[in-house]
Amino acid sequence: MKAPILEVRNVTKMFGSVIALSDVSARVYPGEVTCLLGDNGAGKSTLIKILSGVHQPTEGDYIFEGERVTFNSPREALARGIATVYQDLSLIPLMPVWRNFFLGSEPEKGFGPFKRYDIDFARRTVRDEMAKMGIDVRDPDQPVGTMSGGERQSIAISRAVYFGAKVLILDEPTAALGVKQAGIVLHYIVQAKRRGLGVIFITHNPNHAYPVADHFVILRRGRVLADYQKEELPQDELMNLMAGGEDLVKLQQELAQLESKPILVV
């Protein structure tokens, strides 16, 4: 069995007296999609901020490529190959595709005081790299602001892959997209997996998670509620876990009791 590329063991995160995560353990394997699911407040955001170097765990271990690590910033995590694509994408709408692709890592040509931005290389590379992900860039000079949500996600994903990501963390990439655009992003997630990356797909939508996932980790109130491989978890059971299971039944009973009570008219 292959070894995990990334692992957290018994991680707890506290903010003062507030426990955001408690004793969380999870593994991510190369060439697989691990879906991190949970409702709002489940702890998903806190966990990915630990994985991406924004926060450090209060307790527990962070293991990357078999080595215990501590990242003090997202830049340190990125230098090791852990790239995070947030919902805001960190793209500048008025800039063209090629400028956004190389933002902060601009290719140069020439020497000394004659160094300048290698625009031809940037345009050519954007076309080639996005084509590897199955994306046909019509015009590298197109402003990103004129592109659809799915196309913007594709730029962010391709950029992370090009700059050597080994683990790709996607924070709710389909949350604000329609069905067609969400499908496009899911296609890119599969492409990243096929290129050998360990993908962490954060979502609260099991309908988006199930088609692409190899592994599910479900959080609730800062703890791991369930940890299953896809073959161990039918889709209807995943839906039940996400819906709250026993909590949903209890709510239905409470609502039924409320409806049976007479209305007091004053």
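The values are calculated or read from the model by the stated rules, or taken from the named source; none is laboratory data. It should be emphasised that the depicted structure is a prediction, and the values quoted were computed from it without experimental measurement. Every residue, glycine as well, gets a Cβ built from its backbone with ideal geometry; the counts of neighbours run over all protein chains shown. Please note that ligands, DNA and RNA were not included when accessible areas were found on the heavy atoms of the full protein model with its side chains. Shrake-Rupley method; radii C 1.70, N 1.55, O 1.52, S 1.80 Å.
For (1) open to solvent by 20 Å² or more (accessible area, probe 1.4 Å); (2) in a helix (DSSP H, G or I); (3) closer than 23 Å to Lys49 by Cβ; (4) in contact (Cβ under 8 Å) with a residue 24 or more places away in the chain, each residue gets a yes or a no:
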{"residue": "Asp120", "(1), (2), (3), (4)": "yes, yes, no, no"}
{"residue": "Asp136", "(1), (2), (3), (4)": "yes, no, no, no"}
{"residue": "Gly145", "(1), (2), (3), (4)": "yes, yes, no, yes"}
{"residue": "Glu151", "(1), (2), (3), (4)": "yes, yes, no, yes"}
{"residue": "Ser154", "(1), (2), (3), (4)": "no, yes, no, yes"}
{"residue": "Ile157", "(1), (2), (3), (4)": "no, yes, yes, yes"}
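Asp128 meets each of the listed conditions (1) farther than 27 Å from Pro30 by Cβ; (2) in a helix (DSSP H, G or I); (3) of a type in the set (Asp, Glu) apart from (1). Within segment 14-33, can one find any residue that is buried (at least 17 other Cβ atoms within 10 Å of the Cβ) and among the basic types (Lys, Arg)? Within segment 14-33, one or more residues are buried (at least 17 other Cβ atoms within 10 Å of the Cβ) and among the basic types (Lys, Arg).
Count of segment 185-211 residues, restricted to those that are open to solvent by 50 Å² or more (accessible area, probe 1.4 Å), under 15 Å from Gly134 (Cα atoms) and in a helix (DSSP H, G or I), is 2.
Which members of segment 14-36 meet the condition of being under 15 Å from Ile202 (Cα atoms) and in contact with a helix residue (DSSP H, G or I) (Cβ under 6 Å, 6 or more places away or on another chain)? Reasoning before the result, please.
Step one: of segment 14-36, the residues under 15 Å from Ile202 (Cα atoms) are 26-28, 32-36.
Selection gives Val33, Cys35, Leu36.
What is the one condition in (1) outside any strand (DSSP E or B); (2) closer than 21 Å to Gln229 by Cβ; (3) of a type in the set (A, V, I, L, M, F, W, C) that Phe71 does not satisfy? It is condition (2) that Phe71 fails.
In segment 95-111, the residue that is farthest from Ala176 (Cα to Cα) out of those that are part of a helix (DSSP H, G or I) and open to solvent by less than 50 Å² (accessible area, probe 1.4 Å) is Trp98.
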